[in-house]
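Below is one structure; the comments refer to it alone.
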Amino acid sequence: MEISFRPHHFLCALCFKGRGYSPAFISNFHVIMDMLNSTDGDNTKINIVTHTDSICEPCPSRIGKSCTSEEKITVLDTAHASALQLNDQDSITWGDAKKRIAEKISLDIFHQICSTCSWKQYGICEDVIKNL
């Protein structure tokens with residue numbers, strides 16, 4: 001299975017706790033995370049894209065290669081791409097992505113790059129960042 005992520009989804013994947021927009025979205029995200037958390041998961045290649053990705057596939061907010069909240073998502077993607085030094089059409093392994101997150105995303109940077117995220121209020125990601 002080939003995986004693609006929008007830049008902000010690297011942090012979302014690291015922080016995923018089984019919540020989402022719909023049962024199909026959650027199920028799809030579990031499949032992706034099972035692959036990434038498998039024995040060889042750190043070697044999984046992930047392609048960076050600037051449109052809907054593997055996580056977005058069953059999202060009810062997805063419209064083709066776009067999202068009903070595309071403007072807000074683009075702001076998140078731009079901030080995350082800059083912080084993690086990712087470019088459109090780059091490829092990175094899940095192991096390297098986790099290292100970049102640990103090295104480049106402090107709690108202060110997290111609060112900046114995720115300031116517009118509707119999931120931030122739940123504190124899940126903040127707890128993960130604190131424990132990196």
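The values are calculated or read from the model by the stated rules, or taken from the named source; none is laboratory data. What you are looking at is a predicted structure, and each value in this text was computed from that prediction instead of being measured. When we count neighbours, we look across all protein chains shown, and the Cβ atoms used for this are built from the backbone with ideal geometry, even at glycine.
Scanning region 95-125 for residues that are of a type in the set (V, I, T) and not in a helix (DSSP H, G or I) yields a count of 2. Is it true that C67 is touching a Lys or Arg at 6+ places or on another chain (Cβ under 7 Å) and of a type in the set (A, V, I, L, M, F, W, C)? The answer is no for C67. Look through I73, I63 and report the one residue that is β-branched (V, I, T) and either touching a residue at least 40 places away in the same chain (Cβ under 8 Å) or surrounded by 17 or more Cβ atoms within 10 Å (Cβ to Cβ) (or both). Result of the check over I73, I63: I73. Condition test on V128, is it assigned to a helix (DSSP H, G or I), in contact with a Ser or Thr (Cβ under 9 Å, 6 or more places away or on another chain) and either surrounded by 12 or more Cβ atoms within 10 Å (Cβ to Cβ) or not polar (S, T, N, Q) (or both)? Against the criterion (assigned to a helix (DSSP H, G or I), in contact with a Ser or Thr (Cβ under 9 Å, 6 or more places away or on another chain) and either surrounded by 12 or more Cβ atoms within 10 Å (Cβ to Cβ) or not polar (S, T, N, Q) (or both)), V128 does not qualify. The single condition among (1) at pLDDT below 95; (2) of a type in the set (S, T, Y); (3) within 21 Å of G18 (Cβ to Cβ) that S69 does not satisfy is (3).
For region 89-113, what are the residues that are within 14 Å of the chain's Cα centre (by Cα) and more than 26 Å from S38 (Cβ to Cβ)? Across region 89-113, the qualifying residues are F110, I113.
Hey, among the residues in region 36-60 that are out of contact with any Phe, Trp or Tyr (no Cβ under 9 Å at 6 or more places or on another chain) and surrounded by 15 or more Cβ atoms within 10 Å (Cβ to Cβ), which one's nearest to H80 (Cα to Cα)? Within region 36-60, the match that is nearest to H80 (Cα to Cα) is T50. Name the residue that is farthest from Q89 (Cα to Cα), counting only residues in region 17-35 that are at pLDDT 95 or above and either crowded, with 19+ Cβ neighbours inside 10 Å or among the polar types (S, T, N, Q) (or both). Going through the qualifying residues, I end up with S27. Please go through region 90-116 and pick out each residue that is farther than 24 Å from T44 by Cβ and in contact (Cβ under 8 Å) with a residue 40 or more places away in the chain. If the condition is that a residue be farther than 24 Å from T44 by Cβ and in contact (Cβ under 8 Å) with a residue 40 or more places away in the chain, then T116 is the only one that fits.
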